[in-house]
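Enquirer: Here's a structure for you.
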Amino acid sequence: MTMEFLNLKMPMVRGGSHAKAGTDPHSPDRRIEQIVFAVALIVLVAALPSLNIGYRFLSIAITTGYTAIALYGLGLQFGQAGIMSVGHAAMLGIGAYTAAMLSNHLGIGFWAALPASIVLAAIAGGLVGLPSLRVSGQHYIIITFCFCALLVICLTNGGSFTGAATGLDVGSIPRVLGINFDKLFNYYYLVLGALAITLATTYAIMNSSYGRTLRAIRENEQLARAIGINVDMHKIGVFMASGAFAGLAGILQVYYLRHISPTLYGAFPSLYLALMVMLGGGRLLYGPLIGAIIVNFLPEVMDLNPVDSRIAYGVALLIVILLLPGGVSSGLLAIYRWVGGLLVRRGSKAGS
Amino acid sequence: MTLLTVEHLYTAYGAVKVNHNVSMTVGEGEIVTIIGPNGAGKSTILRAISGLLKPKQGAITFDGRNVTGLAADRMAGLGVVMAPEGRKIFADLTVRENLKLGAYARKDQSGVDADIELMESYFDILATKRDAKGGTLSGGQQQMLAIARGLMARPRILILDEPSLGLAPVMVKEVRSVVAAVRDKFNAAVLLVEQNASLALAVSERGYLLQHGQIVASGPIEELRESSLMRELYFGEQSAQAGE
Amino acid sequence: MEILIQQLVNSLSVASVTILIGMGITLIFGLAGIVNFAHGEFLMIGGIATWFFVGMGLNFFVALVLAMVVVGALGFVAERGLFRFTLDRPMNGFIMSIGLSVILQHVVVRVFDEFQKSTPDPLNTVWVVGDVHIIAMRAVVVAITAVVVAITYFGISRSRYGLALRASVADQSTAELMGIPVRRYVTGVFVYGSILAGLGGALMIGLFPITPFVGSVIITRGFVVSLMGGLGNVNGAVLAGLVLGLVDGFSAGYGYPEWTDAYSLVIMIVILVVRPQGLLGGTLGPKAS
Amino acid sequence: MAALEINGLRKAFGGVIALGGVDLSIPDDRITGVVGPNGSGKTTLFNVITGVYPPTGGSITWHGEDISGRAPHQIARKGLVRTFQQAMSFPGLPVKENVQIALERGGRQLRGGEPRWHSPEELLDFVGLGGRGNDDAGSMPFGNLRRLGVAVALAANPVLLLLDEPAAGLSDGEASMLADLIIKLPGMGIGVCLIDHHMTFMTALCQRLIVLDFGTKIADGTTQSVLTDPKVMEVYLGGEL
């Protein structure tokens, strides 16, 4: 049947975040909920460094932050438009290497490189997206994987231009208004600011007519075309947006690590990005952030070594696909709604 | 002797309900037809009987045995064989391979070989095109192959879903004579679904008239032919009145 | 000339492993509609299992058979425990297989370690024909693969099961109407493909050392081969495996070895975009029933 | 000259000829019906008109402009909007959002002027789905899903609405409610071209019927004349009846 055929192109499992009537995350009351949650989150997270937490915690938080920024790109692409990629780390790599190469070869620093990283990653995103106009589903995912592996080979064989296998170093971010970004606290706030902008942008896209258009493409490409949506153009558009977020994450990563090498952007980092977005759930605003937090903090909290934590991610991914298709965020949302429903019912009973 | 009994069958695709409370029988060696307009749910009944679709409710009994919900491969093994809508010939396999597949559930290799010869002698085209890919046959030839492939299982009942679909009028006439032969030469009952009422009425002995997933009339074919309901279903009320 | 023949045998022995993995991927995709990303890890486990059994003092070829059994069992468990639940949603099956590949890699690292492992050369013989020196193990790898390819080819093209398999790949529900138990064929093919991966892994460690991370390299080559040949098309996979093996062998021998992997990736992207059903005609996956 | 002019339209899939040179003219100010048995090429006709498949031969002219071979979204934006037999909605999204997407991104009106519907709710009321806006489109009963399909197409602002078997699978009650809805459209400046098998439904709605059989037109005229045409009787019931 046609419906089932179409479902092949719709990666998310049955229902997803909109499975039940009345759970529309875009209705006005939900929007207020989301904004309140966002404000509370930002206050809490901004207050973290003053709570005298360790540097280790702070550095994991920074990693989580820029990873989440990259994930928001993938979230837009996968959660909204329904197109998965296991090559997203390559976009991050384009952003990071653009900044590193500008710094090494032309002496261009962070602030001037920032737009270049974003724009180049967006262009790369669009290019990698081109085959998706012809190829869909698992076949397209394999293409993204190939692009990613190709990038690593090019970076490794790039000689002094790309720093080859050893990679490139960058200096520190110049002070702005006297703020020294070499201090971990300040870098934390920089990443936090970028994350806040990312969240706001994502929120705006999700709730705009553009966001609805992307969801229409995800749900039924044929019908989308039939009502006049230029599906091809919007697909490329979302790949570019996805690349732009990754580019921003990439430059934040390189100036945090101060040294990058090709293996950071290969197949494995890409798989973990895909895994994080699946874990958190790509359709809801906080899904990617939750995915990034789980994957980055879990080993720390549970005191797992890297090998065990990777096994744990893999098992978590299997569980999410088999049992919780909308990701952890939609699971949390369902629990929240359920608890809320109980409270409302109890309240109305008490009232009557 | 009743061969196949369907009692109070309900079917659905997900949330979309198709058949409501359908009951019908097919006797040994009988040719029975289900007639009705497009979207009436005819094919869905066949899918439920042949095991491609699990019924929501109801019972299907074959040869005294409860077969409700049995998978299609098991049903074929029991002798309930369907030639599906649109023929569904394996386009990349040869005509002969298609025939062999029809006999997959059989264990008697010599009987299978003899039956292939029997089919080739009965349907000339299957002999002349023996090694041609199934996809190269014309629509009418494919329909003959689909029926022959179904017969290769030596079915007790052969279910034909819209055998005239997309065939030129001259081929429709040929299908008509083949359906009669299925019973007379190959000793199988036939359950036929047709939108082409003239074909259905010409070959069957009994019929069920289906509308909106329910049986609205049934009986010997002569009675159905004369019923005003029949005209109404195909041409609308106006024309039924005009015809009276 | 001598160098050319030696190079040819070397290339063919590498191509053999690629063919075994490509055949498995193509068979599983054809019937189950899943591109099994963890198939490279199945191969890796085949190699590690061989290393383990040889370490226990078993003969290499006994270890090879045991490794095939181990990986076949792994395939059975994966199909029955995981992939059967995603048969109607191949995308989910694919993403799940990515998770599985991460798990398998790190379980192996956990149980053993992340360093490369090797077995002593099982034959330790060099055959000299005229001026040509042929390492016996390489010739044996080519021979075993040839036998397996022949068995698979005749099984699919001549046997009753092969015919039923081809019918199931073409149209699952019609195959069921013919009385073919398609579900059992799916499991069977998954297990057979896994056994081939186990064999590939065992032969690979007979040729050179492997690490627990070899799977991700080999899976790319497997994809290239199965896509070039056409998914679901076994003959195509064999032919494509030979072509790729030769290209790789000669590029490593005479060209730019650091770009060897890039060739296959570029080939794959081009094929997927231009002819997603594969060069030699394959399938885009089973039709939904 | 009618709004949609089709001349010698042919479509072949490999060796199978789905449309064998069809000439049609369909106006955009009334309801035109296309009938024919299964496999007669009706849906292929819609698919070729709306750009899902490029034609093998012939031309399609819409308000004097040749649109054959254009992309589906371009054709939709010119006011030729179709519905589907199967893929009627964006199943994972709320009903309201389904319609809103089409209102925002849908086609443009050929003749300008005020938009007919200002909000999704207004349009949902019009098709009788008022109050269902927050339901999940994929979990609606079939009858409602059909109406949502019509609502989404209407939201895309059609000049000529092509409906592909809108009554298939509906009960008599549901079909007559849908007919009540469709019959209003020409009065609102929306032409309708309708494929269906449901003859009661078609005779109630259409003044003119076109009959296809084996990819060619075998009858074209007033509903009464077509229904009494012996050729049509032959196609539907066979000569003997």
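Enquirer: Can you tell me which residue within the range C:1-50, out of those that are of a type in the set (A, V, I, L, M) and not in a helix (DSSP H, G or I), is modelled with the highest pLDDT?
Expert: C:Ala38
Enquirer: For the range A:39-62, check the following and say yes or no: at least one residue is among the polar types (S, T, N, Q), in a helix (DSSP H, G or I), open to solvent by less than 40 Å² (accessible area, probe 1.4 Å) and at pLDDT 90 or above.
Expert: no
Enquirer: Okay, moving on. It is to be established whether one or more residues within the range A:303-311 are within 14 Å of chain C (Cβ to nearest Cβ), closer than 18 Å to A:Phe268 by Cα, crowded, with 19+ Cβ neighbours inside 10 Å and charged (D, E, K, R).
Expert: For the range A:303-311, residues within 14 Å of chain C (Cβ to nearest Cβ), closer than 18 Å to A:Phe268 by Cα, crowded, with 19+ Cβ neighbours inside 10 Å and charged (D, E, K, R): present.
Enquirer: When you go through (1) away from every other protein chain (no Cβ under 12 Å); (2) assigned to a helix (DSSP H, G or I); (3) under 30 Å from A:Ser103 (Cα atoms) one by one for A:Tyr203, which number turns out not to apply?
Expert: Unmet condition: (3).
Enquirer: Please return the ranges of helices (runs of 4 or more DSSP H) entirely within the range A:225-308 where 2 or more residues are among the polar types (S, T, N, Q).
Expert: It comes to A:231-257.
Enquirer: For the range C:120-230, which helices (runs of 4 or more DSSP H) that fit wholly inside it have 2 or more residues that are away from every other protein chain (no Cβ under 14 Å) and under 15 Å from the mean Cα position of the chain (by Cα)?
Expert: The helices (runs of 4 or more DSSP H) meeting that bar are C:136-158, C:182-207.
Enquirer: In the range A:213-224, what residues are facing another protein chain (nearest Cβ under 8 Å), touching a residue at least 40 places away in the same chain (Cβ under 8 Å) and assigned to a helix (DSSP H, G or I)?
Expert: Listed by number, the residues that qualify are A:Arg215, A:Arg218, A:Glu219, A:Gln222.
Enquirer: On to the next question. If you go through the range A:333-346 one residue at a time, do you hit one that is at the interface with another protein chain (Cβ under 9 Å from one of its Cβ atoms), over 30 Å from A:Ala100 (Cα atoms) and part of a helix (DSSP H, G or I)?
Expert: No, that holds for no residue.
Enquirer: Being surrounded by fewer than 18 Cβ atoms within 10 Å (Cβ to Cβ) and modelled with pLDDT of 80 or more is the filter here, so list the residues in the range C:264-289 that pass it.
Expert: C:Val266, C:Val270, C:Val273, C:Val274
Enquirer: With A:Val339, A:Val320, A:Val295 as the choices, which residue is surrounded by fewer than 18 Cβ atoms within 10 Å (Cβ to Cβ) and among the β-branched types (Val, Ile, Thr)?
Expert: A:Val339
Residue by residue, here is whether (1) part of a loop (DSSP other than H, G, I, E, B); (2) hydroxyl-bearing (Ser, Thr, Tyr); (3) over 12 Å from the mean Cα position of the chain (by Cα); (4) at pLDDT 95 or above holds:
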residue	(1), (2), (3), (4)
B:His20	no, no, yes, no
B:Ser23	no, yes, yes, yes
B:Ala40	yes, no, yes, no
B:Ser43	no, yes, no, no
B:Ile60	no, no, yes, yes
B:Gly69	yes, no, yes, no
B:Gly77	no, no, yes, no
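Enquirer: Checking the conditions here, which among D:Gly8, D:Gly79, D:Gly58, D:Gly20 is over 16 Å from the mean Cα position of the chain (by Cα) and either within 30 Å of D:Gly131 (Cβ to Cβ) or modelled with pLDDT under 90 (or both)?
Expert: D:Gly20
Enquirer: Just a yes or no: is a residue in the range D:76-84 open to solvent by 60 Å² or more (accessible area, probe 1.4 Å) and at the interface with another protein chain (Cβ under 8 Å from one of its Cβ atoms)?
Expert: The answer is yes, given that some residue of the range D:76-84 is open to solvent by 60 Å² or more (accessible area, probe 1.4 Å) and at the interface with another protein chain (Cβ under 8 Å from one of its Cβ atoms).
Enquirer: Taking the range B:41-57 on its own, how many of its residues are surrounded by 18 or more Cβ atoms within 10 Å (Cβ to Cβ) and out of contact with any Gly (no Cβ under 7 Å at 6 or more places or on another chain)?
Expert: 11
Enquirer: Please indicate, with yes or no, whether at least one residue in the range D:34-48 is open to solvent by less than 30 Å² (accessible area, probe 1.4 Å), under 30 Å from D:Gly187 (Cβ atoms) and free of Cβ contacts under 8 Å to residues at least 40 places away in the same chain.
Expert: yes
Enquirer: On the basis of being closer than 30 Å to C:Thr174 by Cα and either touching a His at 6+ places or on another chain (Cβ under 9 Å) or surrounded by fewer than 24 Cβ atoms within 10 Å (Cβ to Cβ) (or both), does C:Gly24 make the cut?
Expert: Judged against the criteria, C:Gly24 is a match.
Enquirer: Let me ask you something else. Of all residues in the range B:30-59, count the ones that are touching a helix residue (DSSP H, G or I) at 6+ places or on another chain (Cβ under 6 Å) and farther than 18 Å from B:Leu209 by Cα.
Expert: 5
Enquirer: Taking B:Ala202, is it closer than 18 Å to B:Lys42 by Cβ and either more than 14 Å from the chain's Cα centre (by Cα) or open to solvent by 40 Å² or more (accessible area, probe 1.4 Å) (or both)?
Expert: Spelling it out, B:Ala202 is indeed closer than 18 Å to B:Lys42 by Cβ and either more than 14 Å from the chain's Cα centre (by Cα) or open to solvent by 40 Å² or more (accessible area, probe 1.4 Å) (or both).
Enquirer: Quick check on the range A:149-162. Is at least one of its residues more than 19 Å from A:Ala89 (Cβ to Cβ), open to solvent by 60 Å² or more (accessible area, probe 1.4 Å) and either over 20 Å from the mean Cα position of the chain (by Cα) or more than 9 Å from chain C (Cβ to nearest Cβ) (or both)?
Expert: Yes; the residues of the range A:149-162 include at least one that is more than 19 Å from A:Ala89 (Cβ to Cβ), open to solvent by 60 Å² or more (accessible area, probe 1.4 Å) and either over 20 Å from the mean Cα position of the chain (by Cα) or more than 9 Å from chain C (Cβ to nearest Cβ) (or both).
Enquirer: Kindly state which strands (runs of 3 or more DSSP E) lie completely within the range D:10-128 and contain at least 1 residues that are within 30 Å of A:Leu214 (Cα to Cα) and not hydrophobic (A, V, I, L, M, F, W, C).
Expert: D:80-82
Enquirer: With a cut-off of at least 2 residues that are within 13 Å of chain B (Cβ to nearest Cβ) and on the phi < 0 side of the Ramachandran plot, name the strands (runs of 3 or more DSSP E) lying wholly within the range D:130-237.
Expert: Here the list reads D:208-213, D:216-222.
Enquirer: Sticking with this structure for a sec: Among the residues of the range A:185-204, is there at least one that is out of contact with any Leu (no Cβ under 6 Å at 6 or more places or on another chain), over 25 Å from A:Leu114 (Cα atoms) and free of Cβ contacts under 8 Å to residues at least 12 places away in the same chain?
Expert: No, because not a single residue in the range A:185-204 is out of contact with any Leu (no Cβ under 6 Å at 6 or more places or on another chain), over 25 Å from A:Leu114 (Cα atoms) and free of Cβ contacts under 8 Å to residues at least 12 places away in the same chain.
Enquirer: Going through the range C:105-153 one residue at a time, which ones are within 21 Å of A:Pro306 (Cα to Cα) and open to solvent by 20 Å² or more (accessible area, probe 1.4 Å)?
Expert: C:Val107, C:Arg110, C:Val111, C:Phe112, C:Asp113, C:Glu114, C:Phe115, C:Gln116
Enquirer: Filter the range C:1-57 down to the residues that are among the charged types (D, E, K, R) and under 24 Å from C:Ala143 (Cβ atoms) and list them by number.
Expert: Across the range C:1-57, the qualifying residue is only C:Glu2.
Enquirer: Of all the residues that make up the range C:33-65, how many are of a type in the set (S, T, N, Q) and under 13 Å from C:Gly201 (Cβ atoms)?
Expert: Count: 1.
The values are calculated or read from the model by the stated rules, or taken from the named source; none is laboratory data. Here the structure is a predicted model, which means the values were calculated and not measured. For neighbour counting, all protein chains shown are included, and Cβ atoms are generated from backbone atoms with ideal geometry for every residue, glycine included. The accessibility values were calculated without ligands, DNA or RNA, using every heavy atom of the protein model including side chains. Shrake-Rupley method; radii C 1.70, N 1.55, O 1.52, S 1.80 Å.
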